[in-house]
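The values are calculated or read from the model by the stated rules, or taken from the named source; none is laboratory data. Remember, predicted model here, so these are calculated numbers, not experimental data. Here the Cβ positions follow ideal geometry from the backbone for every residue, glycine too, while neighbour counts run over all protein chains shown. These accessible areas exclude ligands, DNA and RNA; they are computed on the full protein's heavy atoms, side chains included. Shrake-Rupley method; radii C 1.70, N 1.55, O 1.52, S 1.80 Å.
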Amino acid sequence: MAALSLSPRALYEEVAELLRQRIFQRELEPGSWIDELKIAEAYGISRTPLREALKVLAAEGLVTMKVRRGAYVTEVSEEDLKNVYHLLSLLESDAAGVVATQATAAELAELQALHQELEAAATRTTAGKANTDQFFAINERFHMRLLEIANNRWRDQMVADLRKVMKLNRHNSLLKSGRIDESLAEHRAIMAALASRNPEATALRMREHFANGLEAAA
C-alpha cells in the first residue's frame with residue numbers, strides 16, 4: 001500500500017475511510033484482529049492517526065475495542081441484525097410515506113431512474129461478483145436518495161450509521177439464492193405505491209422490504 005500524505009487534521013479521516021472500505025469489501029473479516037503496527041507501516045503513518053480512525057469506526061459500530069486486546073472488526077449477531085433492521089424499517093418506512101405525499105414529479109422521476117438502473121443491474125448479476133456489487137451500490141443510492149427527498153437530516157444520520165453496520169452482513173443476505181429477484185420485486189411495489197401517492201401503502205411496502213431482507217440475512 002502507498003504511504004498517505006495528508007494534512008494532520010484530515011489524515012485520521014482518510015485512514016478511517018480506507019479501513020471502512022476494507023471492512024465492507026471483506027479484506028478485513030468480521031471478528032478479525034486489526035494489526036495496528038502492520039497497517040500503520042503499510043500506510044506510512046504513525047499509530048496516533050490510526051487509533052483516532054479506529055475510534056471513529058468504533059463509534060459507527062464497525063470496530064469493537066477490547067481491553068488489552070486491541071481492535072477487532074465487529075461481528076454482527078442475529079440479535080444485532082434484528083435490531084438494526086427493525087430500526088431501519090421504522091425510519092425508512094416513515095421517510096417513504098413522506099416522499100409519497102411531498103415529492104415533486106421530478107424527484108419521483110429520479111427514483112424511477114434509479115429503479116431502472118437497479119433493474120438493469122439485476123439482469124447482469126449472473127456475469128460475476130462485480131455486477132452484484134453494482135446492484136448493492138445502486139440499491140443503496142436509491143434508499144439514500146429517497147431519504148434525501150424526505151429531508152430530515154437527523155433521520156438521515158441515523159440511517160447512515162445503521163446501514164454501515166448492515167453492510168457487515170449484506171453480502172450474505174443478497175447473495176442468497178433468489179434474493180436479488182425478490183428485492184427487485186419489492187422495489188417495484190415501492191415504486192408503484194409512490195406513483196399512486198399513497199403514503200400508507202408506500203410505508204407498508206418498505207416495511208415488507210426490510211422484513212424480507214432480515215429473513216434472508218438471518
If exposed trypsin sites (Lys or Arg not before Pro) are those in a DSSP loop with at most 15 other Cβ within 10 Å, what is the longest stretch of the chain that has none? 70-123
Cα axis of helix 105-122 to longest principal axis of the chain: angle in degrees, 0 to 90, nearest 10? 70 degrees
Cα-centre dipole for the chain with unit charges at Cβ (Lys and Arg positive, Asp and Glu negative), debye to 20: 420 debye
For the chain, find the longest principal axis of its Cα atoms and tell me its angle to the long axis of helix 8-24, 0 to 90°, nearest 10. 60 degrees
Solvent exposure of the chain as accessible area per residue, Å², 1.4 Å probe: 52 Å²
If you roll a 1.4 Å probe over the chain with all protein chains in place, what percent of the accessible area is carbon or sulfur? 53 percent
On a 0 to 90 degree scale, rounded to 10, what angle separates helix 78-102 from the longest Cα axis of the chain? 50 degrees
Computed over the chain, the relative contact order (Cα-Cα under 8 Å, seq sep at least six) in percent reads 25 percent
Given the C-alpha centroids of the stretch 30-77 and the stretch 186-218, what is the distance between them in whole angstrom? 36 Å
Kirkwood hydrodynamic radius, computed over distinct alpha-carbon pairs, for the chain: how many Å, to one decimal? 18.7 Å
